[in-house]
Amino acid sequence: MATRNSVDQLLQECEDAINLAQEQYKSAASQQHDQDSDFTQALQAIEAAYNDLVKLAYSANAQQRDQLHRMRLQLQQVQNNMILLDH
């Protein structure tokens, strides 16, 4: 069973990845092409957070799975926005 602390820690990591990705999205949207590696790293952070979230969901209880599912949807939305950005 997933501990509350492990779920909280992962959710914080996901929030950090989302914040980083949103910063890079704004930067790329304003035509600053010199930071493509940062953009790629932000996408990789989103992907890593998503994978960790999926793994933890297997050992989570129903309430934790619901929290993790909502976070997964947020990660997917940010990831989709970044992929679709024409920069």
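The condition of being modelled with pLDDT under 95, surrounded by 12 or more Cβ atoms within 10 Å (Cβ to Cβ) and under 13 Å from the mean Cα position of the chain (by Cα) holds for only one of 13, 23, that being 23.
If the condition is being farther than 29 Å from residue 27 by Cβ and assigned to a helix (DSSP H, G or I), then region 40-68 contributes 55, 56, 57, 62, 63, 64, 65, 66, 67.
Number of residues in region 27-75 that are aromatic (Phe, Trp, Tyr), farther than 17 Å from residue 12 by Cα and surrounded by 16 or more Cβ atoms within 10 Å (Cβ to Cβ) equals 1.
As for region 36-47, it holds no residue that is touching a Lys or Arg at 6+ places or on another chain (Cβ under 9 Å) and either modelled with pLDDT of 95 or more or acidic (Asp, Glu) (or both). The residues on offer are 79, 74, and the sole one that is in a helix (DSSP H, G or I) and over 26 Å from residue 1 (Cβ atoms) is 79.
Quick one: would you say residue 6 is of a type outside the set (A, V, I, L, M), at pLDDT 90 or above and not in a helix (DSSP H, G or I)? When the stated conditions are applied, residue 6 does not pass them.
The values are calculated or read from the model by the stated rules, or taken from the named source; none is laboratory data. This structure is a prediction, so every number in the text was calculated from the model and none was measured. We place every Cβ from the backbone using ideal geometry, glycine too, and count neighbours over all the protein chains shown.
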